[in-house]
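All remarks here apply to the structure that follows.
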Amino acid sequence: MLGREKMTVGGGCFWCLEAVFQQVKGVLQVESGYAGGHTDNPDYQAVCSGKTGHAEVVQITYDPAMISFQPLLEIFFAMHDPTTLNRQGADIGTQYRSVIFAHDQEQERIARTYIRELEQSGQWDAPIVTQVFPLPTFYKAEAYHQNYFLNHPDQGYCAVVVGPKVAKFRKTFTNHLNPGAVK
């Protein structure tokens with residue numbers, strides 16, 4: 001697609017990342033899904049069991065004329081803890097790992113370079129455990145997972161976990177905030 005590129009990342013529950021990236025100026029679409037496992041066509045229950053090897057991920061379609069891979073990567077790292085192995089907050093398991101599935105060699109190079117810069121910066125008290133791999137098959141999650149925060153902002157997990165991440169993004173990345181994004 002001309003004028004469109006994709007980024008696929010995992011950093012905990014996909015509802016959190018989906019809700020954040022839906023707020024970003026230049027992002028055209030965000031889909032929750034699964035990647036990085038060894039089972040074809042996994043479903044949520046199988047992924048949550050930890051037996052398929054998949055991570056919960058979001059696949060972001062963006063307009064590179066409005067935002068590039070680098071600032072999207074910066075947002076990704078600011079919105080989760082890349083130092084906790086297979087965990088984000090109370091979400092524990094390999095499906096919640098921090099991972100970047102690069103769509104091409106340039107994305108992989110940029111991601112690895114940025115991780116080195118973060119490690120050298122001392123921003124984190126522990127080593128970054130984010131994995132970087134070439135994109136395997138992306139499986140779109142079930143329909144009820146798509147736009148979850150937009151459809152269920154008052155649901156318990158959304159109110160306590162997702163909402164604060166969206167608020168943090170809106171406060172920290174005002175220059176990348178889509179003015180038409182729903183609060």
Every residue from the stretch 148-183 that is within 18 Å of ILE67 (Cβ to Cβ) and of a type in the set (Phe, Trp, Tyr) = PHE169, PHE173
When residues of the stretch 2-25 are filtered for being in contact (Cβ under 8 Å) with a residue 24 or more places away in the chain and surrounded by fewer than 18 Cβ atoms within 10 Å (Cβ to Cβ), how many remain?
-> 3
Name the residue, out of ALA35, ALA90, ALA65, that is among the small types (Gly, Ala, Ser) and in contact with a Phe, Trp or Tyr (Cβ under 9 Å, 6 or more places away or on another chain).
-> ALA35
Take the residues of the stretch 89-100 that are hydrophobic (A, V, I, L, M, F, W, C) and assigned to a strand (DSSP E or B): which is surrounded by the most Cβ atoms within 10 Å (Cβ to Cβ)?
-> ILE100
For HIS80, indicate whether it is closer than 19 Å to TYR157 by Cα, surrounded by 15 or more Cβ atoms within 10 Å (Cβ to Cβ) and in contact with a Gly (Cβ under 7 Å, 6 or more places away or on another chain).
-> yes
Among the residues listed as LEU85, LEU73, LEU28, the single one being modelled with pLDDT under 95, surrounded by fewer than 22 Cβ atoms within 10 Å (Cβ to Cβ) and either on the phi < 0 side of the Ramachandran plot or touching a Lys or Arg at 6+ places or on another chain (Cβ under 9 Å) (or both) | LEU85
Members of the stretch 101-141 found to be hydroxyl-bearing (Ser, Thr, Tyr), assigned to a loop (DSSP other than H, G, I, E, B) and crowded, with 18+ Cβ neighbours inside 10 Å, listed by number | THR130
Only one of (1) within 16 Å of the chain's Cα centre (by Cα); (2) free of Cβ contacts under 8 Å to residues at least 40 places away in the same chain does not apply to GLU56, and that is (2)
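The values are calculated or read from the model by the stated rules, or taken from the named source; none is laboratory data. Remember, it's a predicted structure, so these values are computed and weren't measured experimentally. For neighbour counting, all protein chains shown are included, and Cβ atoms are generated from backbone atoms with ideal geometry for every residue, glycine included.
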